[in-house]
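Contents: one structure, followed by commentary.
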Amino acid sequence: MWLNALLVCAAFFWVSETAVRLPLIIASFVSVIVELFNTAVEAAVDHTSTEKHELAKRAKDAGSAAQLFAMLMLAAVWLSALFG
């Protein structure tokens, strides 16, 4: 979450073109939204049962994978802005 806040600030102060700045900010917000959904899924699964269950593991793994892909997208957008 703090990384996204730093990246949004960097996008505002470092990037002067709106066409470059907008994808950077959108990618950061997508990452935050996915992280919030991941946290909600994990909290719901933990609240439902303390026992280990295969479906609970899949739900948590899917949320973590979604966050990984959101972070990879964020990195790709920033690398494209920096070097593209």
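Below, the figures for the structure above:
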{"read-out": "Residue list for region 42-68, filter: closer than 30 Å to Val20 by Cα and either touching a helix residue (DSSP H, G or I) at 6+ places or on another chain (Cβ under 7 Å) or touching a residue at least 24 places away in the same chain (Cβ under 8 Å) (or both)", "value": "Gly63, Ser64, Ala66, Gln67"}
{"read-out": "Failed item in (1) out of contact with any Gly (no Cβ under 6 Å at 6 or more places or on another chain); (2) free of Cβ contacts under 8 Å to residues at least 60 places away in the same chain, with Asn38 passing the rest", "value": "(1)"}
{"read-out": "Boolean, Phe13 is more than 19 Å from the chain's Cα centre (by Cα) and under 19 Å from Ala75 (Cα atoms)", "value": "yes"}
{"read-out": "Whichever residue in region 51-84 is polar (S, T, N, Q) and more than 15 Å from Leu3 (Cβ to Cβ) and, among such residues, is farthest from the chain's Cα centre (by Cα)", "value": "Ser80"}
{"read-out": "Qualifying residues in region 26-78 (those that are over 15 Å from Val8 (Cβ atoms) and of a type in the set (Val, Ile, Thr)) - the one modelled with the lowest pLDDT", "value": "Thr50"}
{"read-out": "Residues being β-branched (Val, Ile, Thr) and more than 9 Å from the chain's Cα centre (by Cα) - total across region 16-48", "value": "8"}
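The values are calculated or read from the model by the stated rules, or taken from the named source; none is laboratory data. Treat the numbers as computed from the prediction; the structure is a model and nothing was measured. Glycine gets a Cβ as well: all are built from the backbone with ideal geometry, and neighbour counts include every protein chain shown.
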